[in-house]
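Report on the following structure.
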Amino acid sequence: MNAAIGLTITVVMVFGGYILAGGKMDIILHSLPFEMMMIGGAATGAFVAANDFSTIKHTMGDLVTAFTGPKWKKKDYADLLCLMHELLFVLKQNPVDIEAHIEAPQESSIFTKYPRILKDHDAIEMICDTIRSMIMNFDNVHQVELLLEKHLESLAEDKLHGSHALQSMADALPALGIVAAVLGVIKTMASIDKPPEVLGGMIGGALVGTFLGVFLAYGVVGPFAARVKHTRMEEHIFYSMIGEVLVSNLHKNPVNISLEVARRHAPSRVRPSFDEVEDAIKELKKDLKQAA
């Protein structure tokens, strides 16, 4: 929502100010399709040449995310803490029983309670792989921490491919605008025998290329790259919380302490309160007793 509002404000302020200052839109509108074809086409071609198909696909998804915002909502963070509470409870009671859940999470009675988390391959992989490592190296805390740290670093790097690609495009757009402007100047020089009013319009059309390149770079693509990076980094905190719960548990902290360590790391705007988590866990325990 903010992305759409911000883009609207940028366009209205830039072109509104130009019109109020006495500028005419005719020359811009006349040149815009051709300049956009050259600049946008060159930027798109360079983007495709510089990235593989998976990065291109990922970037398209990132552009949608820039408008929709982070995928994880407040309830998802509370659900994650409840999920980790259940898993750690089973792990504490009998490490053997946890294997059925981490080996087949799609069939697990615990994971299936949280369908949004279950659909996320990265979250499930991190939970299952880390618990598996805990079982295999239960006395080697630092080795499990190192594996988890490397996993989180790799995941963060993958999630930021789209923002890096968009930022590279933003960096290239001003230079591509100059390319389009130079072509416009070449066209103008070839018509040097035309009347001044014609030459003036042609030079103005050429300068539209410079304007468009800079405007797209700093007014559209650059801010979107920053928005995507911020969104992906906020989403990454969700995965970091998984690691914080498990690492804290490895250090022999009680389950409720491990959950509180992770809860405090959640983004403030979607962080469930202490009471909300406590109530959710109490409700969870009540359901488990009824089921038993």
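The values are calculated or read from the model by the stated rules, or taken from the named source; none is laboratory data. As the structure is a computational prediction, the values presented were derived from the model and not from experiment. Ideal geometry is used to build each Cβ from the backbone, glycine not excepted, and the neighbour counts take in all protein chains shown.
Quick one: residue 198 ticks every box in (1) closer than 30 Å to residue 66 by Cα; (2) loosely packed, with under 13 Cβ neighbours inside 10 Å; (3) among the aliphatic types (A, V, I, L, M) except a single one, so which number is it?
(1)
Residue 202 - would you say it is modelled with pLDDT under 90 and hydrophobic (A, V, I, L, M, F, W, C)?
On the way: modelled with pLDDT under 90: yes; hydrophobic (A, V, I, L, M, F, W, C): yes.
Considered against the rule, which asks whether it is modelled with pLDDT under 90 and hydrophobic (A, V, I, L, M, F, W, C), residue 202 comes out as yes.
Within region 105-122, how many residues are of a type outside the set (A, V, I, L, M, F, W, C) and either under 16 Å from residue 255 (Cβ atoms) or exposed (fewer than 13 other Cβ atoms within 10 Å of the Cβ) (or both)? Can you show your working first?
Taking region 105-122 as the starting set, the residues that turn out to be of a type outside the set (A, V, I, L, M, F, W, C) are 105-109, 112-116, 119-122.
Keeping just the survivors that are either under 16 Å from residue 255 (Cβ atoms) or exposed (fewer than 13 other Cβ atoms within 10 Å of the Cβ) (or both) gives 106-107, 109, 112, 115, 119, 121.
Number of matching residues: 7.
Just the residues that are among the β-branched types (Val, Ile, Thr) and either surrounded by fewer than 18 Cβ atoms within 10 Å (Cβ to Cβ) or touching a Gly at 6+ places or on another chain (Cβ under 6 Å) (or both), please, taken from region 26-54.
27, 39, 44, 48
Out of 272, 223, 267, which single residue is within 24 Å of the chain's Cα centre (by Cα), surrounded by 13 or more Cβ atoms within 10 Å (Cβ to Cβ) and more than 23 Å from residue 162 (Cβ to Cβ)? Full working, then the answer.
On the way: 223 fails: more than 23 Å from residue 162 (Cβ to Cβ); 267 fails: more than 23 Å from residue 162 (Cβ to Cβ).
Every option except 272 fails the conditions.
Within region 241-252, work out how many residues are in a helix (DSSP H, G or I) and either without any contact (Cβ under 8 Å) to a residue 60 or more places away in the chain or surrounded by fewer than 19 Cβ atoms within 10 Å (Cβ to Cβ) (or both). Show your work before the answer.
Here is the first cut: in region 241-252, the ones in a helix (DSSP H, G or I) are 241-250.
If we keep only those that are either without any contact (Cβ under 8 Å) to a residue 60 or more places away in the chain or surrounded by fewer than 19 Cβ atoms within 10 Å (Cβ to Cβ) (or both) too, we end up with 244, 248.
Adding up the residues that qualify gives 2.
Name the helices (runs of 4 or more DSSP H) wholly within region 94-159 that hold at least 3 residues that are in contact (Cβ under 8 Å) with a residue 40 or more places away in the chain and within 28 Å of the chain's Cα centre (by Cα)?
Numbers: elements: 95-103, 115-118, 121-136, 141-159.
Fully inside region 94-159 and qualifying: 121-136, 141-159.
Taking the residues in region 81-104 that are closer than 21 Å to residue 147 by Cα and surrounded by fewer than 18 Cβ atoms within 10 Å (Cβ to Cβ) as candidates, determine which candidate is modelled with the highest pLDDT.
Applying the filter and picking the extreme gives 103.
Being in contact with an Asp or Glu (Cβ under 6 Å, 6 or more places away or on another chain), closer than 30 Å to residue 132 by Cβ and either in contact (Cβ under 8 Å) with a residue 60 or more places away in the chain or β-branched (Val, Ile, Thr) (or both) narrows it down to one residue among 261, 255; which is it? Talk me through it step by step, then tell me what you get.
On the way: 255 fails: in contact with an Asp or Glu (Cβ under 6 Å, 6 or more places away or on another chain).
Within the list 261, 255, the selection yields 261.
Looking at residue 59, is it of a type in the set (S, T, N, Q), in a helix (DSSP H, G or I), touching a Ser or Thr at 6+ places or on another chain (Cβ under 7 Å) and surrounded by 14 or more Cβ atoms within 10 Å (Cβ to Cβ)? Give the steps one after another, and end with the answer.
Values: of a type in the set (S, T, N, Q): yes; in a helix (DSSP H, G or I): yes; touching a Ser or Thr at 6+ places or on another chain (Cβ under 7 Å): no; surrounded by 14 or more Cβ atoms within 10 Å (Cβ to Cβ): yes.
Judged against the criteria, residue 59 is not a match.
Could you count how many residues in region 41-53 are in contact (Cβ under 8 Å) with a residue 60 or more places away in the chain and part of a helix (DSSP H, G or I)?
Our first condition is that a residue be in contact (Cβ under 8 Å) with a residue 60 or more places away in the chain; within region 41-53, this holds for 42-43, 46-47, 50-51.
Next, from what is left, pick out any that are part of a helix (DSSP H, G or I): 42-43, 46-47, 50.
Summing the residues that are in contact (Cβ under 8 Å) with a residue 60 or more places away in the chain and part of a helix (DSSP H, G or I) in region 41-53 gives 5.
Restricting to region 180-224, name every residue that is in contact with a helix residue (DSSP H, G or I) (Cβ under 8 Å, 6 or more places away or on another chain) and not in a helix (DSSP H, G or I).
Scanning region 180-224 gives 191, 192, 194.
Picking from 149, 145, 125, which residue would you name as being of a type outside the set (A, V, I, L, M), surrounded by fewer than 18 Cβ atoms within 10 Å (Cβ to Cβ) and touching a helix residue (DSSP H, G or I) at 6+ places or on another chain (Cβ under 7 Å)? Full working, then the answer.
On the way: 149 fails: touching a helix residue (DSSP H, G or I) at 6+ places or on another chain (Cβ under 7 Å); 125 fails: touching a helix residue (DSSP H, G or I) at 6+ places or on another chain (Cβ under 7 Å).
After ruling out the rest, the residue left standing is 145.
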